[in-house]
Amino acid sequence: MVCDRCGKALVPLEGIVSWTRDGTDERSFALTHAPCVPAEASQREEVRRLVWPNEFLRFATDRFSYRIADPDEVRAIVWALSPFVVRHDNPAEMDGMRAASFGAIPGVKPGTEQTATPAAPKEGAEVEAGK
Ligand SMILES: [Zn+2]
């Protein structure tokens with residue numbers, strides 16, 4: 001990661017995401033060192049917390065409630081933080097990409113069609129809930 005202000009390297013422990021909120025409008029998102037936070041910023045979040053999966057999701061989805069002046073600023077921050085939050089090589093994606101490379105879908109035997117929907121459990125059947 002690189003600071004939006006000074007251009008020097010930035011690690012999650014020292015990063016701050018800041019922006020300006022005005023009613024339901026938000027603008028001027030920046031990913032910076034703490035001393036580089038723009039003076040006019042009214043909101044700030046510590047990157048050390050934003051790389052926790054639930055905090056990352058909360059930050060990203062909270063933006064849906066506001067009108068964002070420049071979505072590219074938020075998009076760049078979400079993508080900059082994501083390698084610290086999600087693994088790019090998670091098993092579901094790797095299996096899906098591997099299968100897609102030869103035109104298949106994981107869990108569907110090659111040469112057969114995917115069944116429309118899995119059979120619904122019988123009425124009154126005991127279903128074990130996951131934890
Ligand atoms: Zn900086």
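Bear in mind that the values in this text are calculations on the coordinates, not laboratory data. Keep in mind that what you see is a predicted model, and the values were worked out from it rather than measured. FYI the Cβ positions are ideal-geometry reconstructions off the backbone, even for glycines, and counts take in every protein chain you see.
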Would you please name the GluC sites (Glu not before Pro) within the range 5-53 that are DSSP coil residues with at most 10 other C-beta atoms within 10 Å of their C-beta? Glu40
Output the 0 to 90 degree angle, nearest 10, between the alpha-carbon long axis of helix 53-62 and the longest principal axis computed from the alpha carbons of the chain. 70 degrees
Report, in degrees rounded to the nearest 10, the 0 to 90 angle that the Cα long axis of helix 91-101 makes with the longest principal axis of the chain. 70 degrees
Alpha-carbon centroids, the range 4-60 and the range 62-110: separation in whole Å: 21 Å
First select every other residue whose beta carbon is under 15 angstrom from the beta carbon of Arg49; then total the charges, Lys and Arg +1, Asp and Glu -1. -2
Can you compute the helix-only [θ] at 222 nm over the chain? Use -39500 (n - 2.57) per DSSP H run of at least 4 residues, normalise by all residues, nearest 500 deg cm²/dmol. -9000 deg cm²/dmol
